[in-house]
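Engineer: Dumping the structure here so I can ask a few things about it.
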Amino acid sequence: MMVVDSPGWKDVLDVAFRLCPADQAEAEALGYADPRVACAVSALRSEILWSARLDGRACALWGVGPGPDPDVGAPWLLAAAEFFEAGLRIARASRRFIVVMNERFSILENFVSVDNATAIRWIEWMGFDLSGPVPHGPRGRWFYKFRRGHVLRTGD
């Protein structure tokens, strides 16, 4: 059973020490000597933060922190390998979290490594537009920029 709620530091550390290889590689490409630090930094910088637990154990963290402008938020997700085993169930549930992020920030944008195929598929499925690739981060690795504006629903 999957449960989503606000994480505690135990959840942050649990995911940090079990990051999937793609997230480890992306954190290293962004200049983190220890990818686990990326989990802590992302959690600390977030205005909105969630965790997913499968069978009582944290397997993912995601949220949104402030971007370069007041209306821009930087969404992110870091996960352990078992998070992706839940597949479509998680993908469907995640759309509501994007709506919450867009209620706080009218524009959501960030970068994803060109090598992170799973994340790219999820980002596109969530309605983000991708551009690039462009060199990004202190190591100049190739990343796509992804962006989504606030989507008005009927009656908004």
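Here, each number is a calculation from the coordinates, and none is a lab measurement. All of these numbers come straight from a predicted model, not from anything done at the bench. Positions of Cβ are backbone-derived with ideal geometry, glycine not excepted, and every protein chain shown enters the neighbour counts.
Engineer: Within the range 115-130, is even one residue over 20 Å from R53 (Cβ atoms) and part of a strand (DSSP E or B)?
Structural biologist: Yes, the range 115-130 has at least one match.
Engineer: Of the residues A52, A33, A58, which single one is touching a Pro at 6+ places or on another chain (Cβ under 7 Å) and outside any helix (DSSP H, G or I)? Working first, answer last.
Structural biologist: Details: A52 fails: touching a Pro at 6+ places or on another chain (Cβ under 7 Å); A33 fails: touching a Pro at 6+ places or on another chain (Cβ under 7 Å).
None of the others qualify; the one that does is A58.
Engineer: So, one more: Assuming A117 fulfils every condition listed in (1) surrounded by fewer than 13 Cβ atoms within 10 Å (Cβ to Cβ); (2) closer than 17 Å to L19 by Cα; (3) in contact with a strand residue (DSSP E or B) (Cβ under 8 Å, 6 or more places away or on another chain) apart from one, which condition is it?
Structural biologist: If we test A117 against (1) surrounded by fewer than 13 Cβ atoms within 10 Å (Cβ to Cβ); (2) closer than 17 Å to L19 by Cα; (3) in contact with a strand residue (DSSP E or B) (Cβ under 8 Å, 6 or more places away or on another chain), just (3) comes out false.
Engineer: Given the criterion in a helix (DSSP H, G or I) and of a type in the set (A, V, I, L, M, F, W, C), identify the matching residue among A27, A79. Even if it seems obvious, please write down each step before you answer.
Structural biologist: Numbers: A79 fails: in a helix (DSSP H, G or I).
After applying the criteria, what remains is A27.
Engineer: Next up: Yes or no: A38 under 20 Å from F143 (Cα atoms), in a helix (DSSP H, G or I) and not charged (D, E, K, R)?
Structural biologist: Values: under 20 Å from F143 (Cα atoms): yes; in a helix (DSSP H, G or I): yes; not charged (D, E, K, R): yes.
Answer is yes for this residue.
Engineer: Please list, ordered by first then second residue, the pairs with beta carbon atoms under 9 Å, 6 or more apart or interchain, first in the range 91-103 and without any contact (Cβ under 8 Å) to a residue 60 or more places away in the chain and closer than 17 Å to V72 by Cβ, second surrounded by fewer than 18 Cβ atoms within 10 Å (Cβ to Cβ) and small (G, A, S).
Structural biologist: From residues that are without any contact (Cβ under 8 Å) to a residue 60 or more places away in the chain and closer than 17 Å to V72 by Cβ, the pairs are I98/G127; N102/G149.
Engineer: Which of the residues that make up the range 63-83 are closer than 14 Å to N102 by Cβ and not charged (D, E, K, R)? Before the answer, list the steps.
Structural biologist: Just the residues of the range 63-83 that are closer than 14 Å to N102 by Cβ, to begin with: 63-64, 67, 71-75.
If the condition is that a residue be closer than 14 Å to N102 by Cβ and not charged (D, E, K, R), then G63, V64, G67, V72, G73, A74, P75 are the ones that fit.
Engineer: Another question, then. What single numbered condition from (1) out of contact with any helix residue (DSSP H, G or I) (no Cβ under 9 Å at 6 or more places or on another chain); (2) more than 23 Å from Y144 (Cα to Cα); (3) in a helix (DSSP H, G or I) fails to hold for N102?
Structural biologist: (2)
Engineer: Now, a different point. Which of (1) farther than 26 Å from E103 by Cα; (2) crowded, with 17+ Cβ neighbours inside 10 Å is the odd one out, the single condition A60 does not satisfy?
Structural biologist: Going through (1) farther than 26 Å from E103 by Cα; (2) crowded, with 17+ Cβ neighbours inside 10 Å one by one, A60 breaks only (1).
Yes/no matrix, rows are residues, columns are (1) of a type in the set (S, T, N, Q); (2) out of contact with any Asp or Glu (no Cβ under 7 Å at 6 or more places or on another chain); (3) closer than 24 Å to R96 by Cα; (4) buried (at least 21 other Cβ atoms within 10 Å of the Cβ):
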site: V3; (1), (2), (3), (4): no, yes, yes, no
site: P7; (1), (2), (3), (4): no, yes, yes, yes
site: K10; (1), (2), (3), (4): no, yes, no, no
site: F17; (1), (2), (3), (4): no, yes, no, no
site: A33; (1), (2), (3), (4): no, yes, no, no
site: S42; (1), (2), (3), (4): yes, yes, yes, yes
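Engineer: Considering only residues that are among the small types (G, A, S), closer than 21 Å to R92 by Cβ and in contact with a Ser or Thr (Cβ under 8 Å, 6 or more places away or on another chain), which ones fall in the range 112-150?
Structural biologist: In the first step, residues of the range 112-150 are kept if they are among the small types (G, A, S); the result is 113, 117, 119, 127, 131-132, 137, 140, 149.
In the following step, the residues that additionally are closer than 21 Å to R92 by Cβ were identified as 117, 119, 127.
The one that is among the small types (G, A, S), closer than 21 Å to R92 by Cβ and in contact with a Ser or Thr (Cβ under 8 Å, 6 or more places away or on another chain): A119.
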